[in-house]
Amino acid sequence: DSDSGSTAAAPKECPKGEVWDAEAKTLLGKGKCVAEADLKKKPASEQQGMIYDYGRGMAKAGHYDLAIAALEMAPDQGDPRVLNSLGYSNRKLGKLDVALGYYRAAVAEDPDFSLVREYLGEAYIQLGLLEKAREQLSEIERICGSKACNEYGQLANLIVDSQIRRD
C-alpha cells in the first residue's frame, strides 16, 4: 500500500485509548503514542492524516483489528484511502463481504484509485471471481495508461497464479 507520502517513523502499537502521532517530536526524532483526547484537539485534516498513517501501518504490520479500530476513528470516513485500508484489513481477516463493501465505496469516491482496484481484484480472486478480477485489471490499465504500473503487475501475477492453481 504505497499511497501515502509520509516520511515519519513507522507507527508503533499503542496502548488502548492512544494512537500514533507521526508528527510528535521526541528526543529520538518523530513519532509517539498520544491520547485520543489530545488527538481530537488537532484540526480534522491533521487528525485524518495521523489516523490514516497509523491504521495503514498497523494493517501492513498484520495488526488488522488495531488497524480497523484506528481507521474507524478517522473524521472523514469517506476518504478513499481510509476505505481502502479498511477493506484491506477486513479482507486479511477473512471478512470478504465487509471488505468488498469498503472497496466498492472507495471506488465510488475515487474511480481512478489504482491501488483499491488492485485490492478489489485480489478479493475477487479469493472468491473465485476471475472475470471480475480481470475487469479490475482493465481498469488499472486505463488508469495507469499502460500495463507498466505496479498495481497492474501485482494483480496480473495473482490472476495467472490463481489460474495455474485451478488447473
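Residues of the chain: accessible area per residue at 1.4 Å, in Å²?
Working: 8630 Å² over 167 residues.
Solvent-accessible surface per residue comes out at 52 Å².
Of A105, A59, A35, which is the most mobile in a GNM of the chain whose springs link Cα atoms less than 10 angstrom apart?
A35
Restricting to Cα pairs below 8 Å that are 6+ residues apart, what does the relative contact order work out to for the chain? Please round to a whole percent. The partial results should precede the final answer.
On the way: 228 pairs, mean separation 21.4, N = 167.
Computed over the chain, the figure is 13 percent.
Just from its helices, what would the mean residue ellipticity at 222 nm be for the chain, if runs of 4 or more DSSP H residues each count -39500 (n - 2.57) and the sum is divided by every residue, rounded to the nearest 500 deg cm²/dmol?
Taking each H run of at least 4 residues, the total per residue is -19000 deg cm²/dmol.
Could you give the longest part of the chain that holds none of the trypsin sites (Lys or Arg not before Pro) found in DSSP loops with at most 15 neighbouring Cβ atoms within 10 Å?
Looking at the chain, 42-146 is the longest stretch - no exposed trypsin sites (Lys or Arg not before Pro) with at most 15 other Cβ atoms within 10 Å.
Using a Gaussian network model of the chain with C-alpha springs under 10 Å, which one of L100, L129, L66 is most mobile by mean-square fluctuation?
Among L100, L129, L66, the largest mean-square fluctuation in the Gaussian network model of the chain belongs to L129.
What Kirkwood hydrodynamic radius, in Å, does the chain give when the mean of 1/r is taken over all pairs of distinct Cα atoms and then inverted?
By the Kirkwood definition, the hydrodynamic radius is 16.6 Å.
Where Rh is the Kirkwood radius over the Cα pairs of the range 74-142, the temperature 25 °C and the viscosity 0.890 mPa s, what D in µm²/s does Stokes-Einstein return?
Details: Rh = 11.6 Å.
Result for D is 211 µm²/s.
For the range 35-75, just say rounded, prolate or oblate: build the C-alpha gyration tensor, square-root its eigenvalues into a ≥ b ≥ c, call rounded for a/c under 1.5, and beyond that prolate if a/b exceeds b/c, oblate if not.
Judged from the Cα gyration tensor, the range 35-75 comes out prolate (a/c at least 1.5, a/b above b/c).
Looking only at A108, A22, A99, which one moves most when the chain is put into a Gaussian network model with springs between Cα atoms under 10 Å?
A108
Cysteines without a disulfide-compatible partner in the chain, using Cβ under 4.7 Å as the rule?
Within the chain, no cysteine lacks a partner Cβ under 4.7 Å, so the list is empty.
Taking amide H positions as placed in the peptide plane 1.01 Å from N, state which residues far from C33 in sequence (5 or more) or on other chains have amide H under 5 Å from it.
Under 5 Å from the amide H of C33: D21.
Report the longest stretch of the chain that contains none of the GluC sites (Glu not before Pro) sitting in a DSSP loop with at most 15 other Cβ atoms within 10 Å.
Numbers: sites that count: E13, E72.
Answer from the scan: 73-167.
The values are calculated or read from the model by the stated rules, or taken from the named source; none is laboratory data. Quick caveat: nothing in here was measured; it's all calculated off a predicted structure. No Cβ is skipped: glycine too gets one built from the backbone with ideal geometry, and neighbour counts run over all protein chains shown. Accessible surface is based on the protein model in full, side chains and every heavy atom, while ligands, DNA and RNA are left aside. Shrake-Rupley method; radii C 1.70, N 1.55, O 1.52, S 1.80 Å.
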